[in-house]
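No lab work stands behind these numbers, since they all come straight from the coordinates. Being a predicted model, the structure only gives us computed values, none of them experimental. Cβ placement follows ideal geometry from the backbone for every residue including glycine, while neighbour counts extend to all protein chains displayed.
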Amino acid sequence: MKKRILFALCILFFCVTGQAQFIAQMSLMTPHYYPGEVYFKDGHHEAYDEIELPRVGKSKIGVKKNAEDKARTTIQAIDIVGIKIWHKDFPDKVHVLHYVNAKKMYLHDENQWGNPIYANAWGILYQCEMNYQMNKKTGDLDFVKFVGGNGPDTPTLFYLKRPEWDQAQLIMVNGAMIPKKKAAEYFSDNAAIYEGVKSGKLKGDDIVYIMDEMAGGKPAEEPALAIPEVQTDSVSNGVVGDDE
């Protein structure tokens with residue numbers, strides 16, 4: 001009898017936790033809108049009462065210019081540099097997300113959203129998360145990691161963009177270089193870096209050193225990101241969110 005009760009409780013526990021996980025994922029699939037500004041590649045920016053908080057794979061976002069507007073219009077992500085958003089209850093806490101037009105690799109989508117976390121004369125490194133949410137209690141913009149059977153299974157992706165590339169290239173997943181031979185190709189202009197990455201002596205943790213070496217001592221240049229107040233001089237880590 002006790003074993004049956006224990007078994008039933010275990011089943012109930014897994015059902016409840018599984019349902020909670022499903023509800024959390026469905027919540028993130030539902031569009032959420034916040035006031036903010038959209039910065040366009042042609043150099044201008046516009047303010048909106050509502051901007052859709054983007055997720056990975058979003059090739060367009062919905063916006064509403066004024067609260068009186070009955071319907072939202074859509075903006076193609078490819079035309080956007082990025083967005084500034086804030087929670088209506090926290091208008092002074094502004095957050096920035098950039099659109100990253102990425103080259104498709106493996107199962108990762110071409111449409112990515114994230115932040116430039118390091119830049120120099122050679123290129124820009126973007127950190128992209130799969131799911132973002134606005135914390136109702138603090139106004140913070142958090143990313144969400146779903147937890148599966150093997151622990152957190154939502155990858156953090158790092159894309160590299162050089163001026164001569166049409167699309168950004170996936171270079172790291174959760175801090176680890178993609179297959180070394182593939183990653184080494186991006187640094188073929190520097191024999192020492194190329195061999196170091198290919199052999200595994202240089203890893204994802206060395207990316208700032210690698211990018212500085214690839215810049216070859218050239219003076220740092222501010223990339224044309226068109227969104228002010230974006231720091232690109234140090235690598236940062238995201239924060240796991242738990243609200244929405």
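Using the Karplus equation 6.51 cos²θ - 1.76 cosθ + 1.60 (θ = phi - 60°), what ³J(HN,Hα) coupling, rounded to whole Hz, does each residue of the range 52-62 give in order, writing x for Gly and Pro?
5, 5, x, 10, 4, x, 7, 8, 7, 10, x
Residues with amide H under 5 Å of residue 156's amide H, sequence separation 5 or more or different chain, H placed in the peptide plane at 1.01 Å from N; which?
Those lying under 5 Å, H to H, from residue 156 are 174.
Could you please rank 46, 37, placing first whichever residue has the fewest other Cβ atoms within 10 Å of its Cβ?
So the residues, fewest neighbours to most, are 46, 37.
Neighbour counts of other C-beta atoms within 10 Å: give me 70, 64, 103 arranged from fewest to most.
70, 103, 64
Where the centroid of each part is defined by its Cα atoms, how far is the range 158-222 from the range 110-134 in Å?
So the separation of the two Cα centres works out to 15 Å.
Apply the a/c threshold of 1.5 to the C-alpha gyration tensor of the range 31-215 and tell me whether it is rounded, prolate or oblate.
It is prolate, given that a/c is not under 1.5 and a/b is the larger ratio.
What is the set of long-range amide H partners of residue 60 at a cut-off below 5 Å, with H atoms built 1.01 Å from backbone N?
77
Applying 1/(1 + (r/R0)^6) with R0 = 22 Å to the Cβ-Cβ distance of residue 182 and residue 41, what FRET efficiency is obtained, to the nearest 0.05?
Working: r = 29 Å, r/R0 = 1.30.
Efficiency, rounded to the nearest 0.05: 0.15.
Using the structure shown, list the pairs from 104/201; 60/181; 58/161; 65/137 with a Cα-Cα distance above 30 Å, or answer none.
Exceeds cut-off: 60/181.
Can you compute the FRET efficiency between residue 212 and residue 67 using 1/(1 + (r/R0)^6), with r the Cβ-Cβ distance and R0 = 51 Å? Round to the nearest 0.05.
Efficiency at R0 = 51 Å is approximately 0.60.
Give a residue-ordered list of calculated ³J(HN,Hα) values for the range 93-106 (Karplus: 6.51 cos²θ - 1.76 cosθ + 1.60, θ = phi - 60°; whole Hz; x for Gly, Pro).
Each residue of the range 93-106 in turn: 9, 9, 10, 10, 10, 9, 8, 10, 7, 9, 6, 5, 9, 6 Hz.
Pull up all non-local amide H partners of residue 100: gap of 5 or more, or a different chain, and H-to-H distance under 5 Å with H placed in the peptide plane.
For residue 100, the qualifying residues are 112, 113, 114.
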